[in-house]
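What follows is a single structure, written as structure tokens, with notes after it.
The values are calculated or read from the model by the stated rules, or taken from the named source; none is laboratory data. Computed from a prediction, not measured in an experiment: that's the story for all the values here. FYI the Cβ positions are ideal-geometry reconstructions off the backbone, even for glycines, and counts take in every protein chain you see. In case anyone asks, the SASA skips ligands and DNA or RNA and just uses the protein heavy atoms, side chains included. Shrake-Rupley method; radii C 1.70, N 1.55, O 1.52, S 1.80 Å.
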Amino acid sequence: MPSSSLCQEAPSPPYRFMDDYSEGAHPQILEALLRTNLIQQVGYGEDEYSNTARQLIREKIGCTEAEADIFFAPSGTSANLISIASCLRPYEAVITCDTGHIACKEAGAIEATGHKLILVSPVDGKMTTANLRKAFQKNTFGPHMAKPRLVYISQATEIGTIYSKRELTNLSLLCKELNLLLMIDGARLGMALSSKKSDMTLKDIHELTDIFWIGGTKAGALLGEAIVVKKAISEGFVFYLKQHGALLAKGRIIGVQFMELFRDELFFTLARHANDMAEKISANFIEMGYEMGAETVTNQVFPILPQWLIKRLQDRFNFYIWEELDDGLASIRLVTSWATDEFQVDKFNVWVRQLTKESVNN
């Protein structure tokens, strides 16, 4: 293990690359909450701010109130749980990648509603039409098996990759052929649409899916997600919100935030910053000759590093060890956010370069 002159610096609290919600909210959102704080409003999401936010979102996705309903939920787990529960009968199932958030990160929330998850292996983090068709065909022995009804994907995926318009179009067409609903978890939808490799817009997402949600929690808001549901399946959705404790009396809190995010281009501006910081970190690893576990196209970076380097980096920075590998290697996950300090990114890159060079010299 190499020594480093950087170790002579005075220690400071580790900077976090753990997630994209370590910070609070963008100042513009906080200012809007303060500005509207004492103005009385109707409760439960029927306030003027929530309605303005809905209109701004509809303008972005190119639809009318007659075509889609928009609801607000406080968290990603509640958005997934309520969206899926509202679409399925008790005997119907969800097809998802085995890496999907609902499969491995939400404490069995979907199963707790009584709905089976049918797991498929992803390719580059994504659902493919071949794997979807195979999973569907293996689960059609009705009425003895749960009936596949909804396909769940996320944009961006759990490893930060994104679906192209062609890939999503093919999935959408197959879902229609198989009479399946298509849903997108949009926790990081802003980063996906703002990626330099994206060829899609919010309008495309709406046209190609039956239900999707736009993440605010990871996009500069204090909390909150906006669920877009096509009119054909939106009846009774608000009752699911209420039953699951997600219909907030002070729904204005989420409405104000989405109003600010979509009034101009703040939503996409903040997402681009997160992506740019991740690209800067990724480019440095590639320049130093390290292998990447996944291509960096949004705000998650997955370098494969020797264990000694990981331990040294953990002296100054917090991040997840994603997967232990052979030969003393592991994949780590670094996540940047709308508020990531570029100075800290530069410090991280310098630290990687210096430790790597010292390792080579020793």
Taking only C-alpha pairs under 8 Å that are 6+ residues apart, what is the relative contact order of the chain in percent?
25 percent
Charge dipole (the range 83-143, unit charges on Cβ, about Cα centre) - positive-most of Leu119, Gln137, Gly108
Gln137
Amide H neighbours of Asp185 at under 5 Å, excluding residues fewer than 5 places away on the same chain, with H built from the backbone geometry, are Ile153, Ser154, Gln155
Have a look at Leu309, Ala79, Ser331 and report the one farthest towards the positive end of the charge dipole of the chain, computed about the Cα centre with Cβ charges (Lys/Arg +1, Asp/Glu -1).
Ala79
Whole angstrom only: what separates the Cα centroid of the range 240-268 from the Cα centroid of the range 70-87?
12 Å
Relative to the Cα centre, what is the charge dipole magnitude of the chain, using +1 at the beta carbon of each Lys and Arg, -1 at the beta carbon of each Asp and Glu, and rounding to the nearest 20 debye?
660 debye
Please report the net charge: other residues with Cβ closer than 12 Å to the Cβ of Asn179, K and R +1, D and E -1.
0
Take each of the peptides 273-279, 108-114, average the number of other beta-carbon atoms within 10 Å over its residues, and list them starting from the highest.
273-279, 108-114
Taking the Cα centre as origin and putting +1 on Lys and Arg beta-carbons and -1 on Asp and Glu beta-carbons, what dipole magnitude results for the range 285-362, to the nearest 20 debye?
280 debye
For the charge dipole of the chain, defined by +1 on Lys and Arg C-beta atoms and -1 on Asp and Glu C-beta atoms about the Cα centroid, which residue among Ile281, Gln354, Val229 has the Cα displaced farthest towards the positive pole?
Val229
Leaving out ligands and nucleic acids, and using a 1.4 Å probe, what accessible area per residue does the chain come to in Å²?
45 Å²
Hey, how many Å between the Cα centroid of the range 211-227 and the Cα centroid of the range 281-360?
27 Å
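Tell me the mean residue ellipticity at 222 nm calculated for the chain from its helices only (DSSP H runs of n ≥ 4, each -39500 (n - 2.57), averaged over every residue, nearest 500).
-12000 deg cm²/dmol
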With a length cut of 27 Å (Cα positions projected on each helix's long axis) and a Kyte-Doolittle mean of at least 0.0, go through the chain and give me the DSSP H helices that pass.
266-287
If packing is taken as the average count of other Cβ atoms within 10 Å, what order do 47-53, 85-91 fall into, highest mean first?
47-53, 85-91
Of the accessible area of the range 70-132, computed with a 1.4 Å probe and all protein chains kept, carbon and sulfur make up a percent value of 56 percent
